[in-house]
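To keep things clear, I will list the structure first and then write my remarks on it.
The values are calculated or read from the model by the stated rules, or taken from the named source; none is laboratory data. Since the structure is predicted, the reported quantities are computational estimates derived from the model, not experimental observations. In this analysis, Cβ positions are derived from the backbone assuming ideal geometry, glycine residues included, and neighbour counts consider all displayed protein chains.
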Amino acid sequence: MEEKKITTSFGYFDSIDSLPTDVKQLMQQAIETREQAYAPYSKFKVGAAVLLSNGEVVKGSNQENAAYPTGLCAERVAIFSAGANFPNIEILQIAITAAASDYELTHPATSCGACRQALMEYENKQDKPIEVFFMGASGKVIKTDSIANLLPLHFDSTYL
Ligand code: THU
């Protein structure tokens, strides 16, 4: 058997205040939208802010439902909205923040597998990496240069 290794890399910022000013502003928008999340069941609010190359910021928060699986994560609400409203505009960055109601989330909450797959589709579509920044309610921020770093061996349209 031949073994192959896939390596990936992440950057860490100490806090939102250590981010470059433009990214900090994007994360602040993610925080604002996080607070508008509809998360009465999990009480875990997530906000995502997507920066487009035309300067628009498209935001999304998690939207839950009494029929639990019907709800949608913040990342997909945001990226689908960007895809629907700005289909031909490049996506540059996405900032994501999560907060729990009953404890202080002090480390970054990273996207679920389904959201990684959804985000990957848009990176493949534009054939250009999308930078991602993850934060909890406070604390360190993780940066990665490409969605592909989050989803090695992903499924894509080449299989179809
Ligand atoms: N959630 C997100 O919005 N993004 C993720 O990547 C993981 C989870 C939401 C879904 C649900 O409303 C709540 O967080 C708890 O799972």
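Of note:
Condition check ((1) of a type in the set (A, V, I, L, M); (2) part of a strand (DSSP E or B)) across all residues:
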{"residue": "SER9", "(1), (2)": "no, no"}
{"residue": "MET27", "(1), (2)": "yes, no"}
{"residue": "GLN36", "(1), (2)": "no, no"}
{"residue": "VAL46", "(1), (2)": "yes, yes"}
{"residue": "GLY55", "(1), (2)": "no, no"}
{"residue": "ALA66", "(1), (2)": "yes, no"}
{"residue": "PRO69", "(1), (2)": "no, no"}
{"residue": "GLU75", "(1), (2)": "no, no"}
{"residue": "ILE96", "(1), (2)": "yes, yes"}
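- If the condition is being over 16 Å from the mean Cα position of the chain (by Cα), assigned to a helix (DSSP H, G or I) and of a type in the set (D, E, K, R), then the range 100-144 contributes only LYS125.
- Residue pairs whose Cβ atoms lie under 7 Å apart, separated by 6 or more positions or on different chains, with the first residue in the range 110-123 and modelled with pLDDT of 95 or more and the second basic (Lys, Arg) and in a helix (DSSP H, G or I), are CYS115/ARG76; ALA118/ARG76.
- Qualifying residue in the range 10-22 (condition: touching an Asp or Glu at 6+ places or on another chain (Cβ under 6 Å), modelled with pLDDT of 95 or more and either of a type in the set (Asp, Glu) or under 20 Å from MET120 (Cα atoms) (or both)): no
- Which numbered condition LYS59 fails, given (1) more than 10 Å from the ligand (Cβ to nearest atom); (2) surrounded by 12 or more Cβ atoms within 10 Å (Cβ to Cβ); (3) without any contact (Cβ under 8 Å) to a residue 40 or more places away in the chain; (4) in a helix (DSSP H, G or I): (4)
- Single residue of THR97, THR70 found to be under 15 Å from the mean Cα position of the chain (by Cα), modelled with pLDDT of 95 or more and farther than 19 Å from TYR122 by Cβ: THR97
- Test: residue in the range 43-50 that is within 11 Å of the ligand (Cβ to nearest atom) and on the phi > 0 side of the Ramachandran plot: yes
- Top-ranked residue of the range 62-80 - restricted to ones that are away from the ligand (no atom under 11 Å from the Cβ) and in contact (Cβ under 8 Å) with a residue 24 or more places away in the chain, ranked as nearest to LEU92 (Cα to Cα): ILE79
- Number of positions in the range 113-133 that are closer than 23 Å to GLN25 by Cβ and touching a His at 6+ places or on another chain (Cβ under 9 Å): 0
- One residue alone among ALA148, ALA109, ALA114 is farther than 20 Å from SER15 by Cβ, of a type in the set (Gly, Ala, Ser) and buried (at least 17 other Cβ atoms within 10 Å of the Cβ), and that residue is ALA148.
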